[in-house]
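The next block holds one structure in the form of C-alpha cells; read it before the comments.
The values are calculated or read from the model by the stated rules, or taken from the named source; none is laboratory data. Predicted model, so just to flag it, every value in this text is computed and none were measured. Virtual Cβ from ideal backbone geometry, glycine too; neighbours counted across all protein chains shown.
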Amino acid sequence: MLQLPPKLPYAGTTIFTVMSKLAADEGAYNLSQGYPSFDCSPKLTELVNRYMKKGCNQYAPMSGIPALRESLAEKTSRVYKVNYHPEDEVTIVSGATEAIFCAVTAVVSPGDEVILLEPAYDSYRPAVDMNGGKPVYVTLRAPDFKIDWKDVRDKITDRTKAIMINSPHNPVGTVLTRKDLEDLANIVRGKDIFIISDEVYEHIIFDGMDHQSMMTHPELKERSFVCGSFGKTYHMTGWKIGYCLAPKELTAAFRRIHQFITFSTVTPMQYALADFLKEPEHYEELSEFYQRKRDRFIRAIESSRFKFSPSSGSFFQIVSYRDITDEYDYDLAVRLTKEIKVASIPVSVFYKDKKDDKLLRFCFAKDDEMLDKAGEILCRL
Ligand SMILES: Cc1ncc(COP(=O)(O)O)c(C=O)c1O
C-alpha cells in the first residue's frame with residue numbers, strides 16, 4: 001500500500017469551496033465566497049476577444065507581457081507616487097495567491113519563522129508550511145482587530161524571516177493607518193525581515209480613508225513584496241491574474257520561484273488589462289461603488305439582532321451574533337444556509353485554533369436585490 005506523506009494534514013477543502021457548494025445545493029443567497037455576483041466591464045471582455053482573434057494565444061514572457069508591466073508601473077506611480085521599474089521590479093502572476101506563495105517561497109527556508117496576524121487569509125499558513133517554515137501567530141482581537149505592535153515585536157526572534165500583512169483586511173475589513181506603517185518600520189529596522197503585503201483590496205476602502213500601501217514607506221518598500229490582484233479591482237476573480245511589485249533583488253528571487261510554479265500567466269487577458277489599466281475611472285470609482293454596497297447591506301440588517309461596526313475596506317462585513325445564539329459559528333453558517341438560505345463564512349476558520357468569537361463574514365460584492373433580500377431574511381432571526 002502506498003503511503004502518502006502527511007502534507008498539510010490540517011487542510012481540508014477550503015471553507016470557500018464548501019460554503020459556495022452548499023449555497024448552490026441549497027439555492028441560498030451566496031454571501032459567503034468573496035467574488036462579485038455581477039459581471040466585469042464588457043469592454044474588458046471585448047478586448048480579450050480582440051487579442052485572442054489577433055493571435056495572442058501563446059506563452060507570455062515569464063515575467064508578464066511588457067505592455068502590462070509598463071501599464072501597471074505607470075498606474076502605480078500615478079496612484080501612489082512610487083516608482084517600480086517595469087523591466088525588473090514588476091511581475092505578472094496567476095493571481096495574488098501565486099504572488100503570495102512565490103514571495104514566501106523566495107524568502108523562507110526550513111526552520112524560519114513567519115509572523116502571521118490572525119484571523120488570516122487561508123493561503124498564508126500553507127504557503128509557510130510547504131516551505132518548512134514555522135508560522136508564529138499574533139492574534140488580532142475583537143471588536144476592533146487593531147494590530148498590537150508590541151505583541152508583534154515580542155514574537156520576533158533570530159529566526160523571524162518575514163511578516164505577512166493584509167490591508168484592507170479579509171475577513172475583518174480593517175485598514176492600516178500611517179501610524180501602523182511607522183510602528184512596523186520601527187520594529188523591522190536593522191533586521192533581516194521581509195514584508196509580504198497582501199493588498200488585493202487596495203481600491204476598496206471606505207469613509208474617505210486612504211490605502212496605506214507598504215510601498216509608500218521608503219524603508220518598508222525596500223523589504224516588501226507587494227502582492228495585488230486584478231480580479232478584485234475589475235470584477236473578474238475567475239481570470240486569476242495578479243502581480244508582485246518588489247525591488248530588483250527581491251523580484252529576481254521571486255521570479256526564480258514563479259518560473260517553476262506557473263512559468264507565465266494567460267496571455268490575451270494580459271494584453272486586455274494593459275489597455276484597460278490606462279483608464280483610471282474604474283479603480284478611482286471603486287471605493288464609492290463598494291461603499292454603496294456596504295451601506296446598502298448594513299441598512300438592510302440594521303434592525304436585525306446582529307451587532308457590527310461598518311467595515312473600513314475589502315468587500316466583507318463581519319457581524320456578531322452573540323445576541324441571537326451561542327452556536328459554534330461553523331454550525332450556524334451551515335444551518336443558516338440550509339434553513340434560511342443565506343450563506344456566510346464563519347470567522348473561526350481564519351484562526352489556527354478555530355477561535356470562535358461568534359462572528360460571521362458576509363460578502364457585500366453582490367447585486368442590490370440579493371443584498372436586500374438576504375438582509376430582510378437575516379432581520380427575522
Ligand atoms: C486577502 C486575499 N488575498 C488573496 C486573495 C487571492 O486573490 P487571487 O484570486 O488574485 O489569487 C484573496 C481572494 O479572496 C483575498 O481575499
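The table below gives the values:
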| read-out | value |
| --- | --- |
| Residue selected from the stretch 211-231 under the condition of a type in the set (A, V, I, L, M) and free of Cβ contacts under 8 Å to residues at least 40 places away in the same chain, by the criterion farthest from the ligand (Cβ to nearest atom) | L220 |
| Test: residue in the stretch 49-63 that is closer than 25 Å to S213 by Cβ and either out of contact with any Phe, Trp or Tyr (no Cβ under 9 Å at 6 or more places or on another chain) or part of a helix (DSSP H, G or I) (or both) | yes |
| Leading residue by the ranking (surrounded by the fewest Cβ atoms within 10 Å (Cβ to Cβ)) among those in the stretch 167-192 that are under 26 Å from P280 (Cβ atoms) and touching a His at 6+ places or on another chain (Cβ under 8 Å) | L181 |
| Pair list, Cβ under 7 Å, 6 or more apart: the stretch 267-281 residue in the same structural domain as Y51 (by TED's automatic domain parsing), other residue of a type in the set (S, T, N, Q) | T267/N57; T267/Q58; P268/N57; A274/S71; L277/S71; K278/S71 |
| Contacts under 8 angstrom Cβ, first residue in the stretch 91-106 being more than 13 Å from V128 (Cβ to Cβ) and not assigned by TED's automatic domain parsing to the domain that holds V266, partner in a helix (DSSP H, G or I) and near the ligand (Cβ under 9 Å from one of its atoms), 6 or more apart | none |
| Failed item, numbered, when F101 is tested on (1) surrounded by 23 or more Cβ atoms within 10 Å (Cβ to Cβ); (2) touching a strand residue (DSSP E or B) at 6+ places or on another chain (Cβ under 7 Å) | (2) |
| Any hit, the stretch 66-78, residues being part of a loop (DSSP other than H, G, I, E, B) and in the same structural domain as T216 (by TED's automatic domain parsing) | no |
| Residue ID - nearest to the chain's Cα centre (by Cα), chosen from residues in the stretch 70-95 that are hydroxyl-bearing (S, T, Y) and within 16 Å of the ligand (Cβ to nearest atom) | S94 |
| Test result for K161, more than 16 Å from the ligand (Cβ to nearest atom) and over 25 Å from Y243 (Cβ atoms) | no |
| Residue check for I115: within 16 Å of the ligand (Cβ to nearest atom) and either under 12 Å from the mean Cα position of the chain (by Cα) or within 30 Å of P5 (Cβ to Cβ) (or both) | no |
| Evaluation of E46 against (1) under 26 Å from K278 (Cα atoms); (2) in contact (Cβ under 8 Å) with a residue 60 or more places away in the chain; (3) outside any loop (DSSP other than H, G, I, E, B) (one fails), failing number | (2) |
| Matching residues, the stretch 35-73, being among the charged types (D, E, K, R) and more than 20 Å from T233 (Cα to Cα) | R50, K53, K54 |
| Residue match in the stretch 2-12 (condition: modelled with pLDDT of 90 or more, within 14 Å of the ligand (Cβ to nearest atom) and either of a type in the set (A, V, I, L, M, F, W, C) or surrounded by 14 or more Cβ atoms within 10 Å (Cβ to Cβ) (or both)) | no |
| Qualifying residue in the stretch 166-184 (condition: within 12 Å of the ligand (Cβ to nearest atom), in the same structural domain as A246 (by TED's automatic domain parsing) and closer than 17 Å to K221 by Cα) | yes |
| Some residue of the stretch 193-201 being touching a Lys or Arg at 6+ places or on another chain (Cβ under 9 Å), touching a residue at least 24 places away in the same chain (Cβ under 8 Å), surrounded by fewer than 20 Cβ atoms within 10 Å (Cβ to Cβ) and over 16 Å from Y80 (Cβ atoms) | yes |
| Every residue from the stretch 76-90 that is in contact (Cβ under 8 Å) with a residue 12 or more places away in the chain and surrounded by fewer than 15 Cβ atoms within 10 Å (Cβ to Cβ) | R78, K81, H85, E87 |
| Residue match in the stretch 37-51 (condition: touching a strand residue (DSSP E or B) at 6+ places or on another chain (Cβ under 6 Å), more than 29 Å from V188 (Cβ to Cβ), within 16 Å of the ligand (Cβ to nearest atom) and not polar (S, T, N, Q)) | no |
| Residue, farthest from G95 (Cα to Cα), within the stretch 118-137, restricted to residues that are in a loop (DSSP other than H, G, I, E, B) and under 14 Å from the mean Cα position of the chain (by Cα) | P119 |
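Results for (1) closer than 28 Å to R292 by Cα; (2) modelled with pLDDT of 95 or more; (3) over 24 Å from the mean Cα position of the chain (by Cα), shown as yes or no for each residue.
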| position | (1), (2), (3) |
| --- | --- |
| I318 | yes, yes, no |
| Y328 | no, yes, yes |
| L332 | yes, yes, yes |
| K358 | yes, yes, no |
| E369 | yes, yes, yes |
| D372 | yes, yes, yes |
